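Working notes for the structure below.
The values are calculated or read from the model by the stated rules, or taken from the named source; none is laboratory data. Because the structure is predicted, anything quoted here is derived from the model rather than measured. All Cβ positions, even for glycine, are placed from backbone atoms using ideal geometry, and neighbour counts span all protein chains on display. Heads up: the accessible areas ignore ligands, DNA and RNA and are worked out on the full protein's heavy atoms, side chains in. Shrake-Rupley method; radii C 1.70, N 1.55, O 1.52, S 1.80 Å.
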Amino acid sequence: MECGKYEVIREGEESILRFDCAECPFFPSVEDEPRMMAFVIDALSQVGKITKLLLVQKRDIEYDENQVAMLGQIAQIYKQASSQRLAYGMMARPACAKWINPRYVALQTLLQRLLKSDPVGAYVELKRLTREEERQLKEGLTTQEGAGCLQGYFQTMNELIGQLEQTTLIRLAQPFTAGLQIGDRTVYRRLFSPSTRPDFLYTKVMASVPAEGEELASYQVGNTEVTVFQIPESVQYLYHMLPTEFKLSYDKYELLDAARSILTEHKPKRSEFVDPERMRAVFAAIGSDLIDELASQRNIHIRNKERDELADILVRYTVGFGLVEALLGDDQIQDITVNSPMGRIPMFVVHNEFGDWMGRIPMFVVHNEFGDCTTNIIPSAPEGDSWASKLRIISGRPLDEANPILDTELILPQARARVAAITAPLNPTGLAYSFRRHRDKPWTLPLFINTKMISPLAAGVMNFLIDGSRTLLIAGTRSSGKTSLLGSVMVDIMRRSRILTIEDTLELPVDALRKLNYNIQSMKVASALTRGTTEVSAEEGIRTTLRLGDSSLIVGEVRSVEAKALYEAMRVGALANVVAGTIHGDSPYGVFDRVVNDLGVPRTSFKATDIIIVANPVRSPDGIHRFRRVTQITEVRKHWEQDPLEEGGFVDLFKYDPQVDSLVPTTDLLRGDSDVLKSIAGSVKEWAGNWDAVWSNINLRAQVKETLVNTANKVNNLELLEAPFCVRSNDELHRISERIREETGALDSQKIFFEWNEWLKRAVKK
């Protein structure tokens, strides 16, 4: 097909003008190439209304409906001017010919030559010609006879200028026309921003950056540059990413396209997805050999590093999840949202301070939480279908009309994520996705102190409660940090205790804790939203834990009927081991209402809850920024009968104070009015009946956590706040405490802290 040939493709409500530019001697770009713009405007003048323009030449370059509409308006003016043939010049009287003919020839040439390839330049030139004619009239260079002859010409010029000024393209270009040189394409680069994708990909990327956008932050994610922009006249930020695969040479595109065509013949089985790391390694090795062979056949020389890079891209776009993986590779991303209908709407991300940022990106980025951002990435419908197929295989769960919701986990080399997918009939416009990225390493209480989510004293109380084997419910809204906080509770459980976890979607840091020599067993149960599965129900899974021996029980999230089984476990295991879980609720009473009234747990069973920790996002005064904070730590007392709120069953130990942006201990806690803490003390000889000793030990734990945070910041080594070092610190604190108790007969907090602090100094120097 020769350069400039096109076809119109009808897809539902869309009309796509597609140019095959394979034979064009230039890169097909409306904004950069005048010949391409002329081809497009000429085609639009013939085919009429189009919703999408697609230029194909190794990459698919796509212009959306708004951009096509700008060109369509110019095409209509060109069509009208061409059909009129500028008739005034044809009908000129012989006496007027010397005035009219040269001007109409010049005007006709300008419109034929310039209007299609450079409409802004044509407009500027028309304005210049008009000013020149006005000057000649004013200076008497045009006679009265000539002025009479040129009335039709002047009318034509003014009509053309008026028509052009009514178009969106000229209206938007007006601020940039002063001093414009014909042939300068800068103005078009400001106004046109196509999406681009190599022809072996489905996902499109808006490669150009917003002309008026203010750059707020820029950093690298592997070989990919990420830039965050403030969009003019909007509170929304743009998260702009340009991955490596969109910057390759044509030769490399050809290699990837050919290799992908071969590899896609293989349909992976579920057994291969069981070990995704091994599956990727196998596909990477096959892809690497395949690229070598194809490069040799095509006489294309590539270095080993380039071959490996291409193999990684190949894996992402065959057995992987494409650009979702590139986004999840950014430690600053928490959520990715893909709305339907796919192919028309960019992805959205939540970019915040909870990223795994230490030592990897500039610190100024950490302290700028950009929150909800739109992106320059637009996934297509085929891409969405591909993800759905892979998620069905990975999870073994259905996603169809009978089961329009799928919850599962996604394990990638650079990230773990929870995935929720919905489809028809729940979502009438097709597939949509939500990806929740988990931190690569477990959260710890010192990390939360460092981000101001909790206070050191609150961390000390939580550590005391964990060692005291209490039952904890962590409540909060979505994206409040519940699961992350539950993970930090697990890190503070002593390693000599066995831990059992129950989840329907694997989110807890089980693998990371297993690598730290925790005695931990994970169990996966059926999702409450899935029907017809062979998986064990959550209720049965929790009951099974009671037959697996003496263990701490961690429940990923209390959602449904399993709540009764959980409270059965709480009542059986509360005095022996930690029982903890997360639940949706914005207050202690909200948790009570959900557990008792919604989930059907008896009031008497609810009393097995010892502590409710509420975590909720706190917004800045401007409403733009969100900060995760624990806003309440409340104990549940046992003396009430019907309503714990009215009968004093809830006693706050900590409340969030927005004035100081911190959890503040209540007077009840400071004066020792806590049944839960006294219950823990009652089983320890040194603490029984001695609140001062209990309070001293809590402050010791708080001082240890705070000192660890201060030291990490002082020596600029935030790895000290990560789970491996925190576990070492906790172990050392317990060993020192036990030794001093044996030596002195008491838990002397000052001596314990002194020895622990000396250990910390030595450990930091190593």
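Here the accessible area is traced with a 1.4 Å probe on the protein chains. For the chain, carbon and sulfur cover 50 percent of it. Counting only protein heavy atoms and using a 1.4 Å probe, the accessible area of Tyr78 comes to about 20 Å². Between His734 and Arg278, the distance separating the two model label sites (each 7 Å from Cα on the Cα→Cβ line) works out to 3.4 nm. Relative to the first principal axis of the alpha-carbon coordinates of the chain, what is the inclination of helix 749-765, with its axis defined by its Cα atoms, in degrees from 0 to 90 and to the nearest 10? Taking the Cα atoms of the chain, the angle to 749-765 is about 40 degrees. Dipole check for the chain: with +1 at the C-beta of Lys and Arg, -1 at the C-beta of Asp and Glu, and the Cα centre as origin, the magnitude is about 520 Debye. Extending 7 Å from Cα along the Cβ direction at Lys390 and again at Asp661 yields two label points whose distance is 3.9 nm. The fraction of all Cα pairs in the range 695-766 landing in successive 5 Å bins from 0 to the largest distance is 3, 16, 29, 26, 15, 8, 3, 0, given as whole percents. Residues in the range 406-412 carry Karplus couplings, in order, of 10, 10, 7, 10, 10, 10, 10 Hz; the curve used is 6.51 cos²θ - 1.76 cosθ + 1.60 with θ = phi - 60°, and Gly or Pro positions show x. Put simply, the amide H of His438, placed in the peptide plane, has neighbours under 5 Å in Arg416, Ala417, Arg418, leaving out anything fewer than 5 places away on its chain. Any chance you could give the angle, 0 to 90 degrees and rounded to 10, that helix 119-138 forms with the longest Cα principal axis of the chain? That helix lies at roughly 50 degrees to the long axis.
Using the Cβ of Met241 as centre and a radius below 10 Å, the other residues enclosed give a net charge of -2, where K and R count +1 and D and E count -1. Under the simplified labelling scheme, the Arg741-Glu11 pair shows an inter-label distance of 6.8 nm, with each label point 7 Å from Cα along Cα→Cβ. At a probe radius of 1.4 angstrom, the accessible area of the chain per residue rounds to 44 square angstrom.
Which shape class, rounded, prolate or oblate, goes with the range 673-737 when its Cα gyration tensor gives a ≥ b ≥ c as root eigenvalues, a/c under 1.5 marks rounded, and past that a/b bigger than b/c marks prolate? The shape class here is prolate.
Axis angle, to the nearest 10 degrees, between helix 250-263 and the longest C-alpha principal axis of the chain: 60 degrees.
Considering helices alone, the calculated mean residue ellipticity of the chain at 222 nm is -12500 deg cm²/dmol, with DSSP H runs of length four and up weighted by -39500 (n - 2.57) and normalised per residue.
Count Lys and Arg as plus one, Asp and Glu as minus one, and take only other residues whose Cβ is under 12 Å from that of Arg131; the net charge is then 0. Computed from phi, the 3J(HN,Hα) profile of the range 439-453 under the Karplus parametrisation 6.51, -1.76, 1.60 (θ = phi - 60°) reads 5, 5, 10, x, 6, 10, 4, x, 4, 5, 5, 5, 8, 6, 6 Hz, with x in place of Gly and Pro. Only alpha carbons enter this Debye calculation for the range 372-526, each as an equal point scatterer, and the log10 of I(q)/I(0) it gives at q = 0.09, 0.16 Å⁻¹ is -0.38, -1.00. Cross-link reach is defined here as a Cα-Cα straight distance under 13 Å, omitting same-chain residues fewer than 8 places apart; for Lys5 the aspartates and glutamates meeting it are Asp20, Glu23, Asp42. For Ser208, the shell of other residues with beta-carbons less than 9 Å away shows a net charge of 0, using +1 for Lys and Arg and -1 for Asp and Glu. The tail of the calculated P(r) for the range 612-680, taken as Cα-Cα distances beyond 18 Å, holds 48 percent of the pairs.
From most to least packed by mean Cβ count within 10 Å, the peptides 629-639, 336-346 give 629-639, 336-346. The stretch between Lys452 and Asp692 holds 83.7 nm of extra length on full extension. This uses 0.36 nm per residue minus the Cα-Cα distance. Taking every alpha-carbon pair within the chain, the share separated by more than 44 Å comes to 42 percent. Within the full protein context, the accessible area of Lys58 is estimated at about 70 Å² for a probe radius of 1.4 Å.
At full extension, Glu535 and Glu23 could sit 178.8 nm farther apart than now, given 0.36 nm per residue minus the alpha carbon distance. Sorting Glu722, Glu409 by solvent-accessible area of protein heavy atoms yields Glu409, Glu722, largest first, with a 1.4 Å probe. Backbone amide hydrogens, once placed in the peptide plane, bring Val221 within less than 5 Å of Val226, excluding anything fewer than 5 places away on its chain. When you filter the trypsin sites (Lys or Arg not before Pro) in the range 3-35 for DSSP loop state and at most 16 other Cβ atoms inside 10 Å of their Cβ, you are left with Lys5. The heavy atoms of Asp308 offer some 70 square angstrom of accessible surface to a 1.4 angstrom probe. 3J(HN,Hα) along the range 166-177, derived from phi through the Karplus expression 6.51 cos²θ - 1.76 cosθ + 1.60 where θ = phi - 60°, amounts to 7, 7, 5, 4, 5, 4, 6, 7, 3, x, 10, 8 Hz, with x in place of Gly and Pro. When only Cα pairs below 8 angstrom with a gap of at least 6 residues are kept, the chain shows a relative contact order of 8 percent.
Ordered from longest to shortest, the equivalent ellipsoid semi-axes for the range 280-346 are 30, 14, 11 Å, each the square root of 5 times a Cα gyration tensor eigenvalue.
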